Amino acid sequence: MIRTPLRPLARILSARQRGENPDAIERENIRLRHEQMRDAARQRAEGRLLVLGALFVVGFVTVGLRMAVLAASEPTEPRAAATGAAILAQRADIVDRNGRILATNLVTNSLYAQPPNMIDKERAARELARIFPDLDEKELLEKFNSKRKFLWIRRKISPEQQQQVHDIGDPGLLFGPREMRLYPNGRLAAHVLGGASFGREGVNAAEIVGVAGVEKEFDDFLRDPARGGEPLRLSLDLSVQAAAERVLAGGMKLMNAKAAASVLMDVETGEVISMVSLPDFDPNNRPPPPRSGLPSDSPLFNRAVQGVYELGSTFKTLTIAQAIDEGLVTPDTMVDTTGPLRWGKFRIKDFKDYGPQLSVTDVVVKSSNLGTARIAQQIGAERQRAFLTRLGLLQPTTVELAEADSVKPLVPDNWSELSTMTIAYGHGIAVSPLHLAAAYASVVNGGTLVRPTLLKRDRAQKGPRVVSRETSLAMRSILRQVVVRGTARFGEVEGYRVGGKTGTADKPKERGGGYYEDKVISTFASVFPADNPRYVLIVTLDEPEETSGIKPRRTAGWTAVPVAAEMIRRVAPLLGLRPEIEMAEVDRVTLTSN
Amino acid sequence: MTEMVYGTLPQRDGEPILPRWWRTVDKTTMICVFILFGIGLLLGLAASPPLAERNDLDAFFYVRRQALFGALALVAMVLTSMMSPRLVRRLGVIGFLVALVAMALLPFFGTDFGKGAVRWYSLGFGSFQPSEFLKPGFIIVAAWLLAASQEINAPPGRGYSLAITMVVVGLLAIQPDFGQAVLILFAWGVMYFVSGASISLLLGLAGGTLVLGTVAYRTSEHFAKRIDGYLSGEIDPRTQLGYATNAIREGGFFGVGVGEGQVKWSLPDAHTDFIIAVAAEEYGLVLVLFIIALFVIITVRSLMRLMRERDPFIRLAGTGLACIFAIQALINTGVAVRLLPAKGMTLPFVSYGGSSLIAGGITVGMLLAFTRSRPQGEIGDILLRRRY
């Protein structure tokens, strides 16, 4: 502590001589100095507070004056529409793989009024109510007669309506240029495209922003002025998409299904050629998100990407592929299929008894849960999990849709031996149809991983290897036999050598545990042509019921398979595949020439 | 004898609390605050239904919330104004420490509500912005330190208070919330100025601020965009500022009429940062000038009362509180008329916002507690005839 010097030294010295305590004098002295300091500080503060107060008054007065000046000046908006300011919010088109338009912009107009400039308000209101029947004449007139200087009448009007409004001839009715997003194909590929809406809005322009699908995923890209309006080219094929949607809609109706989804994918490039989810919606008039019920029942829900389902026996293909690849079995190895297989409280059984033994090929062909579960026991949880991870079945897909990033497959928390066995035949794991399409493509294309994409690619992906070439060849042959003599016999399409695997899974209850007894998700995962696969097609029906027989039939072989076959019959020619008819008779024809 | 038998009557020293409070508190300021809050509700009726509609809520949902928070804020104000300066100081310091910790933990537990700056805690039924509550606490702490440094053999309170200021500003800058950071700096600057800063040092500080501003302009895109928007002479009519300017013009002197305004439909912040534009459009210049006059009255009256104050802590803390209140109003209105660059700042008591309302109530309550008339030693002056 720094001691301040004892100022009144003379007094202190004399006090000491008198034997008094000098501290009292010192304290008194400090007190006086302190008081003096405080007074000085107070006086200074008084002056400075005055300055502060004056500054604030000046500031507030300035703001007030500026307000007054603004209030006294005329509003600048809206300017006459004739200024023709260029719309900056140019949004690039979206086209399919062949350059056909999927989404474009349409120049249209908005209609607004400046009541102070109107000549005959009654007539204008009457005429407007005639042109736009949903406008109320009285209400309009009321608005025109209020003190408002500006009001919107319509956000978008058609050219005919514009001409009619023009014919009213009232200078107070004005048009502002608008660009609106148009999906000329209506509902086609609605879930892929998503939709767009107006963002910021002014008299001369309005911003268009993507709200879902690729419109949202590529929002910045589409709006980037540096790209000069170059269109975004998707991998979809417009005609294939149209055919797929029609077939699937028909199939859904025929099979009394609640909903349906399909994915058609190129096995080499991973390009999604068509993606359908029904029910669908019209992106030109995108409905608002549902307020009640499950979001997954809304038409906005993309079942092919957002919906994760237990896809049942279609997973057997993957289990067997791994077992063959690891060298545990060959297609001809005999597997024990005596049942039921008890595991604690849990019993695994087959759809019907297939006898004591089946070859590995027949396990798939007849779709034996017991055989698959026993093979999975040999594989083990660790290896199974690693294999499914490598196939991309345990992570969200990287497909270019705004919704895809958040769709995580459902897997058991505790990957027990029982889980291993049920996952082997597609229960206890839920993935989206798009996941399954990519996994099938990777297995049958020669064994290299493909990731699904919605953008056009020119080259095969050549991803890391997931199974050997030999395994891939063996799987092609097994899948082909499923169609030739197995559960998917309705899947045969002459000339296209379809291969595939069916899957029928009981639907889990939305609330509480357990499964419905009479509601299934039936799936057919197909590849064609099976001897040299080019495309994978997944068709999934939600709660189908085929009712031509005595009892309703729900298995995939009766529901999803015929729909998929019809789809292949329709789209294969569009994809440029030639049917190869095995012409046994050809040899007998002798070509002669003279 | 009676006392010996029955004990003395319980005796309170001094006047009872409520009458004394009523006698000494600055009633004019308090009434001005009540009027401001009433105007806020009135404008909320006009400005918040579009927001409620966007969020699919009942049209007057935000008005009811505003009324609820406003009532809480007014109660907080009255209660705070009843406290003694010493109690205010204690609570203020505690509040400052709590708010500081809350703010330091924001990066871990806070949320940005999709607005790009982590400033809030989400509490389910509402949100909580610690920086709003930090401001009054900070002023108390800084004023205490600055006042303490004026004693003989005093601790270096100026240095300490500057260090605390820098910590707070740093925390605000990482949110980022440059608006509040500027407010904190301003509050400290004002208190330092009143506590007797040398003029050359103040000029140096002004220079430093200029340099810092330039650095921020060069490095922060967010910041640069705001300034560029301000410096470019013409207004794009599609920006918030463009809408606000047009709203003021539309309103003219007497407004377009209750509920007839358009600007609230196009401005996303019509109920908070641009509430003055809504006022100008619907009620015209008259109401705007009235609001400004209320703020001037509150500010000037408080500063005048503080000029008489002899206790350095009360004087400094009161100055800081009055100035931070006034500068918020000044910045908010200044932005709306394009005298200042666009900066989100609420108009105290008028704008919608729970945290801001309650913190505003506490701020003004503290100010009222400090500006209560109390003996200032005038009698001592006369009796002792002190020398100057």
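The values are calculated or read from the model by the stated rules, or taken from the named source; none is laboratory data. These figures come from a predicted structure and were not determined experimentally. Please note: Cβ atoms are built from the backbone with ideal geometry, for glycine as well, and neighbour counts cover all protein chains shown.
So that you can scan it fast, the table gives a plain yes or no per residue for (1) in contact with an Asp or Glu (Cβ under 7 Å, 6 or more places away or on another chain); (2) in contact (Cβ under 8 Å) with a residue 40 or more places away in the chain; (3) surrounded by fewer than 17 Cβ atoms within 10 Å (Cβ to Cβ):
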site	(1), (2), (3)
A:K509	no, no, yes
A:Y515	yes, no, yes
A:A525	no, yes, no
A:L537	no, yes, no
A:L541	no, yes, no
A:G557	no, yes, no
A:A564	no, yes, no
A:M567	no, yes, no
Heads up, the helices (runs of 4 or more DSSP H) in segment A:99-212 (entirely inside) with at least 3 residues that are under 30 Å from A:T453 (Cβ atoms) are A:190-193
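Out of A:R459, A:R465, report the one residue that is touching a residue at least 12 places away in the same chain (Cβ under 8 Å) and over 20 Å from A:R383 (Cα atoms).
Details: A:R465 fails: over 20 Å from A:R383 (Cα atoms).
That would be A:R459, the only listed residue that is touching a residue at least 12 places away in the same chain (Cβ under 8 Å) and over 20 Å from A:R383 (Cα atoms).
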Please find, among A:R476, A:R457, A:R497, A:R451, the residue that is surrounded by 21 or more Cβ atoms within 10 Å (Cβ to Cβ), among the charged types (D, E, K, R) and either assigned to a loop (DSSP other than H, G, I, E, B) or not assigned by TED's automatic domain parsing to the domain that holds A:Y309 (or both).
-> A:R497
Looking at this structure, is A:I119 away from chain B (no Cβ under 14 Å) and among the β-branched types (V, I, T)?
-> yes
How many residues, within segment A:235-287, are assigned to a loop (DSSP other than H, G, I, E, B) and either without any contact (Cβ under 8 Å) to a residue 24 or more places away in the chain or under 17 Å from A:N185 (Cα atoms) (or both)?
-> 9
Search segment B:224-242 for residues being under 26 Å from the mean Cα position of the chain (by Cα) and at pLDDT 70 or above, and hand back the single one that is farthest from the other protein chains (Cβ to nearest Cβ).
-> B:A224
Just to be sure, is B:V63 surrounded by 19 or more Cβ atoms within 10 Å (Cβ to Cβ) and free of Cβ contacts under 8 Å to residues at least 60 places away in the same chain?
-> yes
Search segment A:98-110 for residues that are in contact (Cβ under 8 Å) with a residue 24 or more places away in the chain and pair each with any residue that is of a type in the set (S, T, Y) and buried (at least 21 other Cβ atoms within 10 Å of the Cβ) when their beta-carbon atoms are under 6 Å apart and the residues are at least 6 apart or on different chains.
-> A:A103/A:Y183
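Which of the residues spanning segment B:189-205 are assigned to a helix (DSSP H, G or I) and either within 14 Å of another protein chain (Cβ to nearest Cβ) or at pLDDT below 80 (or both)?
If we filter segment B:189-205 for residues that are assigned to a helix (DSSP H, G or I), which is where we start, we get B:189-194, B:199-205.
Within segment B:189-205, B:G189, B:V190, B:M191, B:Y192, B:F193, B:V194, B:I199, B:L201, B:L202, B:L205 meet the criteria.
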May I ask you to verify whether A:L222 is surrounded by fewer than 21 Cβ atoms within 10 Å (Cβ to Cβ), in contact with a helix residue (DSSP H, G or I) (Cβ under 8 Å, 6 or more places away or on another chain) and either of a type outside the set (K, R) or modelled with pLDDT under 90 (or both)?
-> no
Kindly provide the set of residues from segment A:57-91 that are over 22 Å from A:R148 (Cα atoms), more than 7 Å from every other protein chain (Cβ to nearest Cβ) and modelled with pLDDT of 85 or more, ordered by number.
-> A:V58, A:V61, A:L65
Set A:V483, A:V444: member being touching a Gly at 6+ places or on another chain (Cβ under 9 Å), surrounded by 22 or more Cβ atoms within 10 Å (Cβ to Cβ) and free of Cβ contacts under 8 Å to residues at least 60 places away in the same chain | A:V483
Given (1) within 7 Å of chain A (Cβ to nearest Cβ); (2) at pLDDT below 90, B:T272 misses just (1)
Is it true that some residue in segment A:296-317 is over 26 Å from the mean Cα position of the chain (by Cα), of a type in the set (V, I, T) and modelled with pLDDT of 85 or more?
-> yes
Restrict the check to segment A:342-353 and report whether at least one residue is in contact with a helix residue (DSSP H, G or I) (Cβ under 7 Å, 6 or more places away or on another chain), in contact (Cβ under 8 Å) with a residue 40 or more places away in the chain, under 30 Å from A:H191 (Cβ atoms) and not basic (K, R).
-> no
Checked segment A:122-161 for anything away from chain B (no Cβ under 14 Å) and among the β-branched types (V, I, T); matches are A:I131, A:I157
Selected residue (criterion: farthest from B:G377 (Cα to Cα)) from residues of segment B:282-302 that are buried (at least 24 other Cβ atoms within 10 Å of the Cβ) and within 7 Å of chain A (Cβ to nearest Cβ) | B:V288
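Are any residues in segment B:245-262 more than 7 Å from chain A (Cβ to nearest Cβ) and over 19 Å from B:S48 (Cα atoms), and if so, which ones?
If we filter segment B:245-262 for residues that are more than 7 Å from chain A (Cβ to nearest Cβ), which is where we start, we get B:247, B:254-255, B:258-259, B:261.
Across segment B:245-262, the qualifying residue is only B:F254.
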Top-ranked residue of segment B:306-316 - restricted to ones that are surrounded by fewer than 19 Cβ atoms within 10 Å (Cβ to Cβ) and either more than 8 Å from chain A (Cβ to nearest Cβ) or under 18 Å from the mean Cα position of the chain (by Cα) (or both), ranked as farthest from A:G47 (Cα to Cα) = B:D311
